[in-house]
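First comes the structure, then the notes that go with it.
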Amino acid sequence: MTTAPDATERAAGIDPRGPRFGAALTAILLIATILAGDSPAGLILLAVVVASFALGVARGVQGTWQGLLYASLVRPRLAPPTDREDPAPPRFAQLVGLIITGVGLVLGLIGVGWAVTVFAAVALVAAFLNAAFGLCLGCEMYLLGRRLRPSRAA
């Protein structure tokens, strides 16, 4: 059973289907969070999402619980990926998700109940776009930042 990619796989890039699968699972959690609202269950669900994003920032998308599920349950049933992607943009997207959901969680914990639903909804839009269409908003932000960064002319 595969649990995490080895150093060779990380160097060669990641299977782009993994982050999409992870986004689908995240979207399901965020829908449940929105339905639970500012209740204790909503806060707990949002805390799970925040922890998931924190794992993604620390270990990359392949090191999250969603990535491990993909690697062990889904990927063995699929043909090998036709292409690989740089793990840096999805990792940056995890940071964006962490910031958005983290703000919602902190505000929810200090009593701003509407923040749980609003920030979960914002994160849900991004997760849904990634899962359904392969459009990773955080990845696009990363690439835009790279293009806007001044180049080092020799």
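Averaged over its residues, the chain has an accessible area of 56 Å² per residue, based on protein heavy atoms and a 1.4 Å probe.
Distance between the pseudo-spin-label points of LEU137 and ALA41 (7 Å out from Cα toward the beta carbon): 2.6 nm. Below 8 Å between Cα atoms, with a sequence gap of 6+, how large is the relative contact order for segment 44-134 in percent? Computed value for segment 44-134: 30 percent relative contact order. Calculated [222 nm] ellipticity per residue, helices only, for the chain: -22500 deg cm²/dmol; basis is -39500 (n - 2.57) per DSSP H run with n ≥ 4, divided by all residues, nearest 500. Applying a DSSP loop filter and a limit of 16 other Cβ atoms within 10 Å to the trypsin sites (Lys or Arg not before Pro) in segment 67-147 leaves ARG84. Taking the charge dipole of segment 31-154 about its Cα centre, with +1 at Lys and Arg Cβ atoms and -1 at Asp and Glu Cβ atoms, the residue from ILE110, TYR142, LEU45 reaching farthest to the positive side is TYR142.
Heavy-atom surface analysis with a 1.4 Å probe gives segment 25-128 a carbon and sulfur content of 76 percent of its accessible area. A crude spin-label estimate for the pair ASP86 and ALA24, with each label 7 Å from Cα along the Cβ direction, gives 2.7 nm. Structural descriptor for the chain: relative contact order 33 percent, calculated from alpha carbon pairs under 8 angstrom and at least 6 residues apart. A Cβ-based charge dipole, computed about the Cα centre of the chain with Lys and Arg at +1 and Asp and Glu at -1, lands at about 340 debye.
Just so you know, the averaged projected area of the alpha carbon convex hull for the chain sits at 10.7 nm².
Which helices count as membrane-span-like in the chain under these terms: full DSSP H, at least 24 Å along the axis by C-alpha, Kyte-Doolittle mean of -1.0 or more?
17-36, 40-59, 88-109, 114-133
In this calculation the C-beta distance from VAL125 to ARG59 is compared with R0 = 22 Å, giving a FRET efficiency of 0.35.
The values are calculated or read from the model by the stated rules, or taken from the named source; none is laboratory data. Everything numeric in this text was worked out from a predicted model, so none of it was measured. When we count neighbours, we look across all protein chains shown, and the Cβ atoms used for this are built from the backbone with ideal geometry, even at glycine. What goes into the accessible areas is simple: the full protein's heavy atoms, side chains included, and nothing from ligands, DNA or RNA. Shrake-Rupley method; radii C 1.70, N 1.55, O 1.52, S 1.80 Å.
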